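Let me begin by presenting the structure, written as structure tokens, before commenting on it.
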Amino acid sequence: MSDLVLFTLNAIVVYLLADWLVRVIERRRGSILKQRQVVFFIIFLVLVMTSFQILRGLVGPG
């Protein structure tokens with residue numbers, strides 16, 4: 001059960017981080033990205049896959 005809570009909290013943090021990164025990119029460009037959802041999805045996917053792999057290594061199998 002604690003694994004479920006840990007992975008859920010991780011997903012929330014990753015979501016907020018991905019949103020923040022998209023906003024930083026837009027601020028540096030000076031305009032909103034045309035394909036904002038695609039950029040967000042790519043950033044989110046990379047962060048989720050990386051962080052879940054790290055958590056799986058820390059928590060262990062099963």
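Readers should treat all values here as calculations from the given coordinates under stated rules, not as data from a laboratory. It should be emphasised that the depicted structure is a prediction, and the values quoted were computed from it without experimental measurement. Backbone-built Cβ (ideal geometry, glycine too); neighbour counts: all protein chains shown.
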Pairs please, first residue from segment 14-42 and within 24 Å of ILE54 (Cβ to Cβ), second anywhere and among the hydroxyl-bearing types (Ser, Thr, Tyr) and in a helix (DSSP H, G or I), Cβ atoms under 7 Å, 6+ apart in sequence or on different chains.
VAL14/SER51
If only one of LEU33, LEU17, LEU21 is surrounded by 13 or more Cβ atoms within 10 Å (Cβ to Cβ), outside any helix (DSSP H, G or I) and aliphatic (A, V, I, L, M), which one is it?
LEU33
Subset of segment 36-62 (residues that are small (Gly, Ala, Ser) and either in contact with an Asp or Glu (Cβ under 6 Å, 6 or more places away or on another chain) or assigned to a helix (DSSP H, G or I) (or both))
SER51, GLY57
Condition broken by LEU6, with the remaining ones in (1) free of Cβ contacts under 8 Å to residues at least 40 places away in the same chain; (2) hydrophobic (A, V, I, L, M, F, W, C); (3) surrounded by 12 or more Cβ atoms within 10 Å (Cβ to Cβ) satisfied
(1)
